[in-house]
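Undergrad: To start, I am sharing the structure in question, which I have written as structure tokens.
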Amino acid sequence: MTDTDGTDSAARSLLGAKWKPRILAALAQNGRLGFGDLQRELGGISNKVLSNDLEDLLEYDTVTRDVVQEQPVRVEYELTAAGSDLYDIVERMADWDAQYVTGAGRPTLLIAEDDVRQIELYSLWLSATYDVVTATDGREALDALDASIDAAVLDRKLPVLHGDEVADAVRGGGEYVPVALLSSEQVRPTDVSLSADLLLSKPIGRTMLENAVAELLRFESLSPAARDVRGRRHRLAFVRDQLGATVEETGPFADAAEELARIEAERSVALREREPWRRLVDESGDALTEDADAGG
């Protein structure tokens, strides 16, 4: 038991600031970032505020600061174990908002399922936390998907328009809505290319559905590029888990894995071009490796 007053805790002080929770989120979602990377991820934060907030986070050992180049000085920041635990508190605060804050703070979820009994069950599970909108066919679901919807769970075998078609329309539209596709069908290698952020199998239990919706809502906080990469990773992992390692030898899976590797490589190159010192660090590391090999 501690004598510390929770209302006057260091964690409360850090999380009560405007930018510190966002710094923690940026590092949690992207890994190691330089000062300029953080500014771009956050947007709107001044050099002075970012510098001061990082110093505060360093003081409490929630981030580390590594000098990767001396002249000119270039540094990278990364979450410590304490920082990761503090970010978990940030996520739990968001979950609390979703569960208890009514009105604008309560996310709106679309559930599209042609089985009325399933809709009633899913709504019962989720309505305590979310405002639930329902649809029983694909056309109705597509009509409901406007700016008021924060996330959607679509059955793949909807009448009129299949869930896949609705997801394709959402992906091609101007307004991003994170989508999960729910299916009782046999998973196929081509499912890696579906227009969904998450793939789910029927039958689905309450905890799994609640976790999936929470994950969908986290997609909204990511950049478009990060959302795309995370969705691709999930689909590949889901199909591999369902069909086994041999699926990696199929054309659709291999093509999707190759495409993901290409996108991730391009993001890495773009990051090095934004911060040229990264290339120097990489080249220095390669040179050290070559020297070590030669010495061996």
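Undergrad: Using θ = phi - 60° and the Karplus form 6.51 cos²θ - 1.76 cosθ + 1.60, what ³J(HN,Hα) does each residue of the stretch 118-123 get, whole Hz, x for Gly and Pro?
TA: Using θ = phi - 60°, the values come out as 5, 4, 4, 5, 4, 5 Hz.
Undergrad: Can you run phi through the Karplus equation (6.51, -1.76, 1.60; θ = phi - 60°) for the stretch 217-232 and list ³J(HN,Hα) in whole Hz, with x for Gly and Pro?
TA: Taking θ as phi minus 60°, the curve returns 5, 6, 4, 5, 7, 8, 5, x, 5, 5, 4, 4, 5, 5, x, 4 Hz for the stretch 217-232.
Undergrad: Name the residue from Ser51, Gly83, Gln71 whose Cα lies farthest towards the positive end of the charge dipole of the stretch 38-85, charges +1 on Cβ of Lys and Arg and -1 on Cβ of Asp and Glu.
TA: Final value for the positive-end residue is Gln71.
Undergrad: Which GluC sites (Glu not before Pro) in the stretch 198-253 pass both tests, a DSSP loop state and at most 15 other beta-carbon atoms within 10 Å? Spell out each step's value before the answer.
TA: On the way: sites: Glu210, Glu215, Glu220, Glu248, Glu249; in loops: Glu220.
Listed in order of number, the matching sites are Glu220.
Undergrad: Sorted by mean Cβ packing within 10 Å, highest first, what order do the peptides 140-146, 107-113, 199-205 take? Intermediate results must be reported in sequence, preceding the final value.
TA: Values: 140-146: 19.0, 107-113: 23.9, 199-205: 14.9.
Those peptides, ordered most packed to least, come out 107-113, 140-146, 199-205.
Undergrad: OK, next. Can you list which of the chymotrypsin sites (Phe, Trp or Tyr not before Pro) found in the stretch 79-182 are DSSP loop residues with at most 16 other C-beta atoms within 10 Å? The partial results should precede the final answer.
TA: Details: sites: Tyr87, Trp96, Tyr100, Tyr122, Trp125, Tyr130, Tyr176; in loops: Tyr130, Tyr176.
Answer by residue number: Tyr176.
Undergrad: Sticking with this one: Fewest to most neighbouring Cβ within 10 Å: what's the order for Phe35, Phe253?
TA: Numbers: Phe35 17, Phe253 23.
Listed from fewest to most nearby Cβ atoms, that is Phe35, Phe253.
Undergrad: Collect residues whose amide H, placed 1.01 Å from N in the peptide plane, falls under 5 Å from the amide H of Gln69; neighbours closer than 5 in sequence don't count.
TA: When sequence neighbours closer than 5 places are left aside, the close amide H contacts are Arg74.
Undergrad: Going by a ≥ b ≥ c, the root eigenvalues of the Cα gyration tensor, does the stretch 186-269 fall in the rounded group (a/c under 1.5), the prolate group (a/b larger than b/c) or the oblate group?
TA: On the way: a/c = 2.72, a/b = 1.10, b/c = 2.48.
Because a/c hits 1.5 or more and a/b fails to exceed b/c, the stretch 186-269 counts as oblate.
Undergrad: Rounded, prolate or oblate: which fits the stretch 108-258, taking a ≥ b ≥ c as square roots of the Cα gyration tensor eigenvalues, rounded meaning a/c under 1.5, else prolate when a/b beats b/c? Mind dumping the intermediate values first?
TA: Values: a/c = 1.62, a/b = 1.42, b/c = 1.15.
The shape class here is prolate.
Undergrad: Output ³J(HN,Hα) for the stretch 235-244: one whole-Hz value per residue in order, computed from phi by the Karplus curve 6.51 cos²θ - 1.76 cosθ + 1.60 with θ = phi - 60°, and x for Gly and Pro.
TA: Going residue by residue, I get 4, 4, 5, 4, 5, 5, 5, 6, 10, x Hz, with x marking Gly and Pro.
Undergrad: Now, a different point. Could you tell me which of Ala152, Ala254, Leu200 has its Cα farthest along the dipole of the stretch 108-258 towards the positive end, charges placed at Cβ (Lys, Arg +1; Asp, Glu -1), taken about the Cα centre?
TA: Ala254
Undergrad: Can you list the residues, at least 5 places off or on another chain, whose amide H is less than 5 Å from the amide H of Val132, using H built in the peptide plane?
TA: So Val132 has HN proximity to Leu109.
Undergrad: So how strong a dipole does the stretch 150-282 carry about its Cα centre when Lys and Arg Cβ are +1 and Asp and Glu Cβ are -1, to the nearest 20 debye? Present the calculation step by step, with values, prior to reporting the outcome.
TA: Details: 19 positive and 24 negative charges, 56 e Å.
I would put it at about 260 debye.
Computed from the coordinates by the stated procedures, all read-outs in this text should not be read as laboratory data. Predicted model only: the values in this text are computed from it and were never measured. Positions of Cβ are backbone-derived with ideal geometry, glycine not excepted, and every protein chain shown enters the neighbour counts.
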